[in-house]
Structures are given as structure tokens and as C-alpha cells.
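S.K.: So that we are looking at the same thing, I have put the structure below in C-alpha cells.
The values are calculated or read from the model by the stated rules, or taken from the named source; none is laboratory data. These numbers were taken from a predicted model, which means no experiment stands behind them. Glycine also receives a Cβ, built like all others from the backbone with ideal geometry; neighbour counts cover every protein chain displayed.
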Amino acid sequence: MNSRSLITTLGLCAVAGLGGYLASFTLLPLPYMLGALLTSGTIALFQAHHLPAGYEFPHRFRLIFMALVGVMIGAQVTPALLGQLPGLTLSMVALTVFTLMAQGGNYLMFRHIGGYDRTTALFSGAPGGLLESLAMGEERGADLQLLTMQQFLRIILVITLLPLGLSLWYGTPVGSAAGAGAAPPDIAWATIVLAVIVGLTGTMMGRFLHLPAGQLTGPLLAAALISVSGLAQLALPDWMIHMAQVVIGASLGLRFQGLRGRAMLRALWLSGLSVAWMLGLGLTLALLVSAGTGLRFDILLLSYAPGGVTEMALVALSLNANPALVTLHHVYRIFATVLAMGAFARWVLGSQTR
């Protein structure tokens, strides 16, 4: 990352951070992430000419803060949580059903209502695996601008609507919207430094092992190993969690750059239809599995929600809804989605490639 890109990135994050800070005075869930997203998205849509030519939010810069989120989640993995794994069979079966039904229903919507070609419709309808769907879609010859727009709109709508929906469900603001914090008070600097080291080590481990969403799951696993073994207690202060939300929100909002007119309106309408279908399906399955297993409904709903792994982990953190268990479901959803995309591609597209 050159000096000009670094200055632009820091300036963008500063402005987005101001948007997040102002949003923290509202009842908006995840205010620092959503406030930053809205601020960055506004810049991308209407002030992109002020950004350097060809500027893209640096991926490695974002990785640092995604690692912090992974550490926060992994630190909450306990022997008691691991003891719940044998009882998750029904939940994982339901998640498999969700993935297949969501993929099939989305394909029909994007193909027959949106008028997308078969390849773009197929990979736009993937209920997860953003990078995987883009890579597989490019290989098959999908319209990458439409595909990218639909996949990011899916994540953005889910992380915006789901916490609001849960607040309405419970009849009161929940999580960060209610002023809840994720960090214990008076965290020692030595603990913060250790957490950062674990995050960076976990990031390298995730890349080496080629883990799905390795930038998140690598630090998560590293922190979980330390937490379960009792070697140390890992924690991060709220201000660092807010920083992570701002950076992730700013990077997501920048994805609106270059989107204009009817194509964006159509994509937004189709994404709203698709997200409504998937959230309705997830809601139904969450109610059924909760009744059958006794698992908390809100944890299951977050587990079945078709958002990004990192973003849904932040939502779970803000709602104190067992983020480690939620992340476990979402990592499985990525595996299931990739397998489902491959199977649907062979069925719908045959041997077609670019």
C-alpha cells in the first residue's frame, strides 16, 4: 500500500468513524459499523471523484481488524460450548436445508423476475461464500458487476435489517442499540497486546491452512485454543471493537462506487426480495429447531441469517448471542454453499465456462 493509498484509507476511516460516532447516539444497531457503512457508501455514490483514480480499500488493512473480531469470538469458546456440539446435529441438518432452498429460490427470482442470465442468476443467489461465489461466477462467465452488487447488497441488508427485526421482536432495543458493550472494564495493556499477537498469528495460520474465511476463523481458532486451555484470558476494549466495526463498515460502503441508475435500483429491489425470502426461511427453521432442541431462538436466527461471516459475528457480539456458536454455523454454511453452487452449476449450466 503506497503512501497516497494509506492517506486516503486513513482519511476515509476517519470520516466513516465520525459517521459511526454520530450513529451511536441513535437506536441504530451496530452503530459504528452501519454508520461507517452509510457514510462510506454516500462518498462512493456521490463523491467518488475525490478519491484517487483506481483506489480500492486495501485488503490487508481490513484483515487486521477482522483478526480482532476473530479473537473476540474465539475468546468466548469454553469447554461448556464445546460440550454443546453433539447436540447440534438437527441444527446443522436444518442449515443444509436452508442452503439448498435459499439457493434454489434465489436462482428463480434472479432469473425469472430479475431477468439475469442463468450464470449471473445462479451465483448472485448464493446465500453465502461471497469470495467463492465471485470466483466461481467469473470462471463461468457471470456479469461480475451485477454479481458483486447483489452479493454485497445481501450482506448489507441482512446486517441492517436483522438486528432491527430482533429489536421489534423483543419490543425493545437489543445489543449495541441498547447500549450493551462487549468488553469487560479495566483491561490491562498486556492483555490487549497478547490478543493482537494471537490475532496476527491466527491470521497466518488461517492462510496456511486455507481455512474458509481464514482471516476470521484463523484468529478465532487460535484464541479458542488459548481460552479452552486456560493459558490466558483474552479481551479487547470497546474502543478497539468500535474501530474494527468502522473499518469493516467503511470497506463495505465503498463497494457502492460506480453504481448508478436503473441497474442499482433493480439490484436493490431484487436483493430485498431475496433477503426477505431467506430471512423468512431462516425464521421458520429457527423456530422449528428451537422447539426441537431448546437452543435459543435468537442464536439460531443469527446462525441461519445469510450475512457475511465477519459481519454476522459482529452482530452476534453486539447482541451477546453466543458468537462462537453463530460463527460455527456460518463456517459450515460456507462449506454447504460452495458444494451447493457446484451442484447447481453442473445441473443448470452443464459444462459451460468462460
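S.K.: Out of segment 79-119, which residues are hydroxyl-bearing (Ser, Thr, Tyr) and surrounded by 14 or more Cβ atoms within 10 Å (Cβ to Cβ)?
M.R.: Correct list: Ser91, Thr96, Thr99, Tyr107, Tyr116, Thr119.
S.K.: Give the residues of segment 319-330 that are modelled with pLDDT of 80 or more, of a type outside the set (Val, Ile, Thr) and part of a helix (DSSP H, G or I), sorted by residue number.
M.R.: Filtering segment 319-330 down to residues modelled with pLDDT of 80 or more leaves 321-330.
With the extra rule that they be of a type outside the set (Val, Ile, Thr), the set shrinks to 321-325, 328-330.
Hits for segment 319-330 are Pro323, Ala324, Leu325, Leu328, His329, His330.
S.K.: Still on this structure, please answer the following. Look through segment 66-80, keep the residues that are of a type outside the set (A, V, I, L, M) and part of a helix (DSSP H, G or I), and return whichever of them is farthest from Val198 (Cα to Cα).
M.R.: Pro79
S.K.: Something else now. Filtering segment 220-249 down to residues that are in a loop (DSSP other than H, G, I, E, B) and crowded, with 22+ Cβ neighbours inside 10 Å, which residue is farthest from the chain's Cα centre (by Cα)?
M.R.: Leu234
S.K.: Let me ask another. Go through segment 124-146 and report how many residues are closer than 19 Å to Gly282 by Cα and surrounded by fewer than 24 Cβ atoms within 10 Å (Cβ to Cβ).
M.R.: Qualifying residue count for the region: 1.
S.K.: Taking the condition of being on the phi < 0 side of the Ramachandran plot and in a loop (DSSP other than H, G, I, E, B), how many residues in segment 127-144 meet it?
M.R.: Going through segment 127-144, the residues on the phi < 0 side of the Ramachandran plot turn out to be 127, 130-140, 142-144.
Those left that are additionally in a loop (DSSP other than H, G, I, E, B): 127, 142-143.
Total satisfying the criteria: 3.
S.K.: Here is a further query. In a helix (DSSP H, G or I), of a type in the set (Ser, Thr, Tyr), under 20 Å from Gly308 (Cα atoms) and out of contact with any Cys (no Cβ under 7 Å at 6 or more places or on another chain) - does that describe any residue in segment 3-13?
M.R.: No, there is no match, as no residue in segment 3-13 is in a helix (DSSP H, G or I), of a type in the set (Ser, Thr, Tyr), under 20 Å from Gly308 (Cα atoms) and out of contact with any Cys (no Cβ under 7 Å at 6 or more places or on another chain).
S.K.: Could you tell me which numbered condition Ala53 fails, if it satisfies all but one of (1) part of a helix (DSSP H, G or I); (2) surrounded by fewer than 16 Cβ atoms within 10 Å (Cβ to Cβ)?
M.R.: (1)
S.K.: Oh, and also: Mind telling me which of the residues Ala305, Ala267 ends up being over 19 Å from Tyr332 (Cβ atoms), buried (at least 16 other Cβ atoms within 10 Å of the Cβ) and in contact (Cβ under 8 Å) with a residue 24 or more places away in the chain?
M.R.: Result: Ala267 is the single residue among Ala305, Ala267 that is over 19 Å from Tyr332 (Cβ atoms), buried (at least 16 other Cβ atoms within 10 Å of the Cβ) and in contact (Cβ under 8 Å) with a residue 24 or more places away in the chain.
Every residue, every condition in (1) in a loop (DSSP other than H, G, I, E, B); (2) over 23 Å from Trp169 (Cα atoms); (3) at pLDDT below 80, yes or no:
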site: Leu265; (1), (2), (3): no, yes, no
site: Leu288; (1), (2), (3): no, no, no
site: Ile299; (1), (2), (3): no, no, no
site: Thr310; (1), (2), (3): no, yes, yes
site: Tyr332; (1), (2), (3): no, yes, no
site: Ala343; (1), (2), (3): no, yes, no
site: Arg346; (1), (2), (3): no, yes, no
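S.K.: Tell me, please, whether a residue that is free of Cβ contacts under 8 Å to residues at least 24 places away in the same chain, closer than 19 Å to Leu270 by Cβ and small (Gly, Ala, Ser) can be found in segment 98-108.
M.R.: Within segment 98-108, none of the residues are free of Cβ contacts under 8 Å to residues at least 24 places away in the same chain, closer than 19 Å to Leu270 by Cβ and small (Gly, Ala, Ser).
S.K.: Could you check Ala188 against (1) over 18 Å from the mean Cα position of the chain (by Cα); (2) modelled with pLDDT of 85 or more; (3) among the aliphatic types (A, V, I, L, M) and say which number it fails?
M.R.: Result: Ala188 fails condition (2) only.
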